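What follows is a short report on a single structure.
The values are calculated or read from the model by the stated rules, or taken from the named source; none is laboratory data. All values reported here derive from a predicted model rather than from experimental measurement. Cβ coordinates were reconstructed from backbone atoms using ideal geometry, including for glycine residues, and neighbour counts include every protein chain displayed.
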Amino acid sequence: MIALIVNARDVKASVEPRTHLADFLRDSLNLTGTHLGCEHGVCGACTLLLDDVPARSCITYAVACDGARVTTIEGLDDDEITTELRAAFKGEHALQCGYCTPGMLISARDLVLRLPASDERSVRVGLSGNLCRCTGYVGIVRAVRAVIDERRKRGIKPVPGGGRSALGPVGSGNGATASTSDVATAPTARPEPRHEVNDAMVVADFTPEKVFKDHFAVGYPPERVFDMFGDVARLATCLPGASLTGPPTPERAQGLIHVKLGPISASFRGAARIERDPRNLSGRIVGMGSDQRSRSSTQGEIRYQLVPTEQGAATRVELSIGYTLRGMLAQIAREGLVRNLASRLTADFARNLERQLSGAGPHEASARPQNLNAVALLMGLLRERARKALQRVLGR
């Protein structure tokens, strides 16, 4: 026999020791708002409040909650914070199938209660134990941040620790008493270490996931172009969006590449290893970098071969470009868009290189960080595909 308070109602029942709290609530009390997902305490669909603290009911035994207060999503119908969250979830389209929503609302309520400000990272970390297979989380994060902002504007201060008065397993009644200051200062999230670029960073070889070819021509002899490729500082000014973050050497450089695709902006900070072979006028640049904001990382390799044309008066630069992309940007950076982006950057690089070789320096507009419009890239890709399709139809 156990006695507990469920949604402010006294409940007494006989349960088997193996019965989980979620099964007891659903099967015995018909409180089906508590959903079961993974049943391993991972997905967060079964989250409820146990002694006013979010807990996983699928891995909590009902007998362990004897004497505890249990609040399910049904018990929060008239709760002020939950009411505001429901409205914000609706306004921000923060739910689709709705299966994760009860647990998500309970976890979000805890964040609204205790976070002093709507810091996006803190919200994302706080919701990281609630998985959603539909929304992509953007609307959910916006909704939670909006409610936090509104409440703080109205002068409603955060509750340190979310009202926690004990440390230990929730519902057990055996937790050690904790002072408010102890709970308030407990970190909500451990910041990820920043991997700063330094001289000791090793730029290792790798096998690119994607490789494509390109080329361009400049009206100067290969030897002069090869010498220019050895001047890292001048060469960096030719690439739109690129800048050096430290003094380069002939074998190594540290820098930053800024790219903007419509609303998505990324700044990849990293290092590059430079290899050159003067015997056949070829070279290789291997680089790695990461963007802290999008938590994306990339590895890239550029191989070049200088081929004389026009009896040695001009140069054809043959390129092999390989890359591997990880993180959020990998979800939108389809191969066609990357090729289109690389082609545009190569064309701008070739124009700036020609100006450098002539002594005029890179064009001022191209030397600034490049803001490439995602719609323009997509239209360029569609035009190229249409051109190839027309060629196939005409047999050319």
Checklist outcome for this item: Filtering helices (runs of 4 or more DSSP H) wholly in region 50-139 for at least 3 residues that are out of contact with any Lys or Arg (no Cβ under 7 Å at 6 or more places or on another chain) and farther than 22 Å from Cys38 by Cβ gives 80-91
Checklist entry - Can you find even one residue in region 212-228 that is hydrophobic (A, V, I, L, M, F, W, C), at pLDDT below 90 and surrounded by 15 or more Cβ atoms within 10 Å (Cβ to Cβ)? => result yes
Checklist outcome for this item: Selection from region 95-123 of residues under 18 Å from the mean Cα position of the chain (by Cα) and either of a type in the set (A, V, I, L, M, F, W, C) or modelled with pLDDT of 95 or more (or both) yields Val123
Checklist entry - When you look at Arg145, is it under 25 Å from Gln292 (Cα atoms) and either surrounded by fewer than 16 Cβ atoms within 10 Å (Cβ to Cβ) or at pLDDT 95 or above (or both), yes or no? => result yes
Next on the checklist: Condition (residue is hydroxyl-bearing (Ser, Thr, Tyr), under 30 Å from Ser14 (Cβ atoms) and at pLDDT 95 or above) applied to region 47-54: is it met by at least one residue?
Outcome noted: yes
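Would you be able to say whether some residue in region 12-26 is assigned by TED's automatic domain parsing to the domain that holds Leu113, among the polar types (S, T, N, Q), touching a residue at least 40 places away in the same chain (Cβ under 8 Å) and touching a strand residue (DSSP E or B) at 6+ places or on another chain (Cβ under 6 Å)? Walk me through how you get there before you give the answer.
Going through region 12-26, the residues assigned by TED's automatic domain parsing to the domain that holds Leu113 turn out to be 12-26.
Filter once more, so that each one left must be among the polar types (S, T, N, Q): 14, 19.
Cutting the leftovers down to touching a residue at least 40 places away in the same chain (Cβ under 8 Å) gives us 19.
Within this subset, residues satisfying the condition of being touching a strand residue (DSSP E or B) at 6+ places or on another chain (Cβ under 6 Å) are none.
Looking through region 12-26, none of the residues is assigned by TED's automatic domain parsing to the domain that holds Leu113, among the polar types (S, T, N, Q), touching a residue at least 40 places away in the same chain (Cβ under 8 Å) and touching a strand residue (DSSP E or B) at 6+ places or on another chain (Cβ under 6 Å).
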Item to check | Scan of region 207-240 for residues that are in a helix (DSSP H, G or I), free of Cβ contacts under 8 Å to residues at least 24 places away in the same chain and of a type outside the set (A, V, I, L, M, F, W, C), ordered by number | outcome: Asp227
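Within region 65-80, track down each residue that is among the small types (Gly, Ala, Ser) and either without any contact (Cβ under 8 Å) to a residue 24 or more places away in the chain or surrounded by fewer than 17 Cβ atoms within 10 Å (Cβ to Cβ) (or both). Quick ask: steps written out before the conclusion?
As a first pass, look at region 65-80 and keep what is among the small types (Gly, Ala, Ser): 67-68, 75.
Residue satisfying the conditions is Gly67 alone.
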Item to check | Only listed residue being under 22 Å from Ser343 (Cβ atoms) and not aromatic (Phe, Trp, Tyr), chosen from Gly230, Gly241 | outcome: Gly241
Checklist entry - Can you pull out the residues in region 31-41 that are modelled with pLDDT of 95 or more and surrounded by fewer than 16 Cβ atoms within 10 Å (Cβ to Cβ)? => result Thr32
Checklist entry - Condition test on Thr315, is it over 18 Å from Leu345 (Cβ atoms), in the same structural domain as Gly255 (by TED's automatic domain parsing), touching a Pro at 6+ places or on another chain (Cβ under 7 Å) and part of a strand (DSSP E or B)? => result yes
Item to check | region 1-49: number of residues that are among the acidic types (Asp, Glu), over 24 Å from Leu131 (Cα atoms) and in a loop (DSSP other than H, G, I, E, B) | outcome: 1
